[in-house]
There are 2 protein chains.
Amino acid sequence: MTDLNAIGIAARAASRQLATLTTARKNDALRAIADELEARGGAALEANTHDIADARAAGQSAAILDRLLLDERRLAALAADTRRVAGLPDPVGEELESRLLPNGIRLVRRRTPIGVIGVIYEARPNVTIDIATLCLKTGNAAILRGGRETLRTNLALVDVIQAALTRCGLPPAAVQAIADPDRALVTELLRLDRYVDMIIPRGGAALHRLCRQESRIPVITGGLGICHIYVDESADLARAVDIIENAKVQRPSVCNALDTLLVHPAVAARLLPAVARRLAGHGVELRAAENALPFLSEAEAGGARVVPAGPDDFDTEWMALILGVKLVGGLDEAIDHIQAHSTEHTDVILTNDLGHATRFVNEVTSSAVFVNASTRFNDGGQFGLGAEVAVSTQKLHARGPMGLEALTTYKWIGYGSGQVRE
Amino acid sequence: MTDLNAIGIAARAASRQLATLTTARKNDALRAIADELEARGGAALEANTHDIADARAAGQSAAILDRLLLDERRLAALAADTRRVAGLPDPVGEELESRLLPNGIRLVRRRTPIGVIGVIYEARPNVTIDIATLCLKTGNAAILRGGRETLRTNLALVDVIQAALTRCGLPPAAVQAIADPDRALVTELLRLDRYVDMIIPRGGAALHRLCRQESRIPVITGGLGICHIYVDESADLARAVDIIENAKVQRPSVCNALDTLLVHPAVAARLLPAVARRLAGHGVELRAAENALPFLSEAEAGGARVVPAGPDDFDTEWMALILGVKLVGGLDEAIDHIQAHSTEHTDVILTNDLGHATRFVNEVTSSAVFVNASTRFNDGGQFGLGAEVAVSTQKLHARGPMGLEALTTYKWIGYGSGQVRE
């Protein structure tokens, strides 16, 4: 019964209004949303208790239930985040370049909103507020398709947003949710290229694959991160153990966590036992290639979990306390392994050799490449972008952590005085 | 028999070599291609005579035959164009931003090649050299799929390019052509997302639609231009006639030619007869909405061709000496008409009213918007971009005329000294 076409038409009409709003009016609307979340967020909390009850009845794990949960504390955080977005600089309207052409036309390239953005996401209800406020800040209309597990919560949050928009005299269709959990609507949304300008999937590899395969609308793909650290012969090994530990265990369930450790043979005997001992303390399981196993037997005897690597283990994003380990002959082989197995998310070299560091950052084509630092730094917040829309591992439009600018495009404006082309 | 997968693998490997070449080596290769075109271009001319003979036998029009033709003069122009591309600034390697993060990591955003670019084009064999040299300049490998009408010519030109690349010690797979005219290979290329990073279609609306529908690879769509001029009440009408003439007849077969003329009622009686007379001299047929017909009857009696507009006439890119004409109530209605019918290519207002000019450039969302100038200025050469890869009417990555920068992406590089995330 959901008429996606009508949603598209309303979003397109709203986007035309949003595109010409002043920054002040957009920020007022954002603050109104924050106020409304505080004043009337109870309805969303109430809706969430039903979503959580259903999920619990369906036997979801405690970790999943935690991801679905919206409570007083998280609601307050969403209101605070919304006020923070209001305080960010507005990229729209910036003149990216401006010059006088030889024929007297003044040519300006001006940053503008994209138009209508479709967002398909899973689980966490905070994404509803997060992405809606970032779209609004940049003058874009949003069509939201959240996971069915938090459908009631998401709809209640969109009600809050729309009430605030109406109060500010803005079109409520600036932020719409697809209220019907029918999965066919996802595919239909991906074909709504007449009204939707960009699709942002926020979820796992299967969602990204679906979007890439089915969408007629440009998609920002990303999210999947098979991340590598290569420990070169000249690396500071004490620091290496700290960095590997941080990259693997500080937050193992995220896309910039470490998946594969590549080690130069000359340092394997000193590095690997120390890494194995340190990670054993966190319960990390090592999936070791045959050439790495001999260096891990002592640690294994001491209690570390070591398993011979299977055929797919170097093509797996673990999202868990598991780490692939392999010896590589040197820099060339390390780069070849990364180029063959990386998802172009985050790859790291630990080295004190300037030439090797330079070659690594030049030749590894990933969206973020670090020298002597943890993979965990590939993040919009860490990069100082102010907001993170998503992390892109594709090559067009935006790459790596996407800030507000990634929700904009530009147009060319030519101010003439009667010029015709010769 | 064509193994597209093998072509993809070879292109990917070549792209890794290209990505780290210095500007000097890339320019040497471009000059070698120019030399080779002059020294061994005869084979391409010979191949072209066979393509032309086949096309003539198939009953192609003189206009099409001219588009397919490669002769001595055009070959010399291709060599000169290639040397000109060698002389352009190289965007690759530019540091788009660089800063010291609070934790001491130096973060750099560096412009890089995209990787492998698939180009699907029709007719003109010069596109083979044009796009291959622009890709090479920006360190990208190219997979070319030209029209079957010039298959022999295209293959001969790629032979020339590959000979030059080999002579320079570069991988010939940097520029490959799909030698098999089987149309199924186009669809297969659009699904080669494992190896190809970007698809550029250069051709008509049907090709762009096919790419958008079938591609799993990001596509730059564009090319289709339903372009408008709105003549406001305050416009300088003498200049308006000159601009309309220029936009319509200077080169009617290109995408930035004028398709629809929108006129304020207050100036219709003075403007339309003058426009009709001027365009009649070029044999332009006017497709007039009912509200415009009364203002054209006198000109029609004087010999101008005036036809009542049909239902699709304001949604048609003419590519011919035809012009839609309609009266609109004022600025609001003009903008509404453009937003409903434009392909977001090029739209123009002729006015002396500053407020109207400002609203028009703010509210019309097209990739190029002009005040008091011809639509024909939406062009990479006119904009001073140095080279034009294509004209994009989509909103992601690049919009409007695409210069060399549109063939690049960026990566984030972080130089640390042992940092871990708190």
Check your understanding: Taking the Cα-to-Cβ direction at A:Ala77 and at A:Asp242 and moving 7 Å from each Cα, how far apart do the two end points lie in nm?
Key -> 2.8
Review point. Any idea what the alpha-carbon Rg over 2.2 N^0.38 Å comes to for the stretch B:1-110?
Key: 1.62
Practice item. Shielding by partners for B:388-398, please: the mean number of other protein chain Cβ atoms within 10 Å of each residue's Cβ. Key: 4
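Please sort A:108-117, A:270-279 by packing, taking for each peptide the average over its residues of neighbouring beta carbons within 10 angstrom, highest first. Each step should come with its number before you reach the end.
Values: A:108-117: 22.9, A:270-279: 20.2.
Descending packing order for the listed peptides: A:108-117, A:270-279.
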Check your understanding: How big is the equivalent ellipsoid of the protein assembly as shown along its three axes, where each semi-axis is √(5λ) from the Cα gyration tensor, reported in whole Å from largest to smallest?
Key -> 49, 37, 22
Practice item. Using only atoms on other chains, find how many Cβ atoms lie within 10 Å of each Cβ of peptide A:229-241 and report the average. Key: 1
Exercise for review: Counting helices only, and only those DSSP H runs with n ≥ 4, report the 222 nm mean residue ellipticity of chain A as the sum of -39,500 (n - 2.57) divided by its residues, in deg cm²/dmol to the nearest 500.
Suggested key: -13000 deg cm²/dmol
Exercise for review: In debye, nearest 20, what is the charge dipole magnitude of the stretch A:272-422 about its Cα centre with +1 on Lys and Arg Cβ and -1 on Asp and Glu Cβ, if you could check?
Suggested key: 480
**Study point:** Sorted largest first, extent of the stretch B:133-172 alpha carbons per principal axis (Å)
**Key:** 31, 19, 12
**Study point:** Cβ neighbours within 10 Å from other chains - mean over A:71-80
**Key:** 0
Revision key, fill the gap. With no solvent term and unit scatterers on the alpha-carbon positions of the stretch A:300-422, Debye gives log₁₀ I(q)/I(0) at q = 0.10, 0.12, 0.14, 0.16 Å⁻¹ of -0.48, -0.62, -0.78, -0.94
Check your understanding: In percent, how large is the relative contact order of chain B, given Cα pairs closer than 8 Å and 6 or more residues apart?
Key -> 17
Review point. Looking only at Cα atoms, what is the convex hull volume of chain A per residue, in Å³?
Key: 178
Revision key, fill the gap. To the nearest 20 debye, chain B has a Cα-centred charge dipole, built from +1 on Lys and Arg Cβ and -1 on Asp and Glu Cβ, of 1500
Check your understanding: In percent, how large is the relative contact order of the stretch A:167-305, given Cα pairs closer than 8 Å and 6 or more residues apart?
Key -> 17
Check your understanding: With respect to the cross-link table entries A:Lys411/B:Lys26; B:Lys137/B:Lys248; A:Lys395/B:Lys395; A:Lys26/B:Lys411; A:Lys411/B:Lys248, which display a Cα-Cα separation exceeding 25 Å?
Key -> A:Lys411/B:Lys26; B:Lys137/B:Lys248; A:Lys26/B:Lys411
Review point. Given 0.36 nm per residue, what is the gain on full extension from B:Asp66 to B:Arg209 after removing their alpha carbon distance, in nm?
Key: 48.9 nm
Review point. Say R0 is 41 Å: what FRET efficiency, to the nearest 0.05, do A:Gln17 and A:Glu233 get from their beta-carbon distance?
Key: 0.10
Review point. If you roll a 1.4 Å probe over the heavy atoms of the protein chains, what accessible area per residue do you get for the protein assembly as shown, in Å²?
Key: 38
Point to revise | the stretch B:184-326 - Rg over Rh from alpha carbon coordinates, Kirkwood radius | key: 1.14
**Study point:** Dipole of the stretch A:164-241 [Lys/Arg +1, Asp/Glu -1 at C-beta], most positive-end residue of A:Val186, A:Ala206, A:Cys168
**Key:** A:Cys168
Study note, to complete from the structure: FRET efficiency (A:Arg167, B:Leu96; Cβ distance; R0 30 Å; to 0.05) is 0.15
**Study point:** Cut-off under 5 Å, modelled amide H: who pairs with A:Arg202 long-range
**Key:** A:Ile120, A:Tyr121, A:Glu122
Revision key, fill the gap. Other residues with Cβ under 15 Å from the Cβ of B:Glu422 give, with Lys and Arg +1 and Asp and Glu -1, a net charge of 0
**Study point:** Carbon + sulfur, % of accessible area of the protein assembly as shown - ligands and nucleic acids excluded, 1.4 Å
**Key:** 50
Exercise for review: Among B:Gly222, B:Gly355, B:Gly403, determine the one that fluctuates most according to a GNM of chain B built with springs between C-alpha atoms less than 10 Å apart.
Suggested key: B:Gly355
Point to revise | Listed residues B:Leu96, B:Leu331, B:Leu45, most fluctuating in chain B (Gaussian network, C-alpha, under 10 Å) | key: B:Leu96
Review point. For the protein assembly as shown, with the dipole built from +1 on Lys and Arg beta-carbon atoms and -1 on Asp and Glu ones, taken about the Cα centre, which of B:Leu271, A:Ala6, A:Leu261 lies farthest toward the positive end?
Key: B:Leu271
Review point. Pulled fully out, how much extra length does the chain show between A:Ala301 and A:Ala57, if you take 0.36 nm times their separation in residues and subtract their Cα-Cα distance?
Key: 83.6 nm
Study note, to complete from the structure: Projected convex hull area of the stretch B:329-391, Cα atoms, direction-averaged, in nm², equals 4.6
Check your understanding: Relative contact order for the stretch B:299-389: what is it in percent, counting Cα pairs under 8 Å that are at least 6 residues apart?
Key -> 21
Exercise for review: Give, rounded to the nearest 20 debye, the magnitude of the charge dipole that the stretch A:171-214 has about its Cα centre when Lys and Arg contribute +1 at Cβ and Asp and Glu contribute -1 at Cβ.
Suggested key: 200
Review point. For the modelled label position 7 Å from the Cα of A:Thr2 along Cα-to-Cβ, which residues of the stretch A:167-184 have backbone nitrogen atoms closer than 15 Å?
Key: A:175-184
Review point. What is the diffusion coefficient of the stretch A:370-414 in µm²/s, taking the Kirkwood radius over Cα pairs and the Stokes-Einstein relation at 20 °C with a viscosity of 1.002 mPa s?
Key: 181
Review point. Which is farthest toward the positive dipole end of the protein assembly as shown among B:Ile129, B:Ala320, B:Ile52, measuring Cα position about the Cα centre, with Cβ charges +1 (Lys, Arg) and -1 (Asp, Glu)?
Key: B:Ile129
Exercise for review: State, in square angstrom and to the nearest 100, the accessible area buried between chains A and B, both chains counted, probe radius 1.4 Å.
Suggested key: 6100
Study note, to complete from the structure: Projected onto their principal axes, the Cα atoms of the stretch B:243-303 stretch, largest extent first, over whole-Å spans of 30, 24, 18
Exercise for review: Starting with the highest mean, order B:315-322, A:373-380 by the number of other Cβ atoms within 10 Å, averaged over the residues of each peptide.
Suggested key: A:373-380, B:315-322
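The values are calculated or read from the model by the stated rules, or taken from the named source; none is laboratory data. Keep in mind that what you see is a predicted model, and the values were worked out from it rather than measured. Here Cβ is always computed from backbone atoms with ideal geometry, including for glycine, and neighbour counts include all displayed protein chains. Surface accessibility is based on the protein's heavy atoms, side chains included, excluding ligands, DNA and RNA. Shrake-Rupley method; radii C 1.70, N 1.55, O 1.52, S 1.80 Å.
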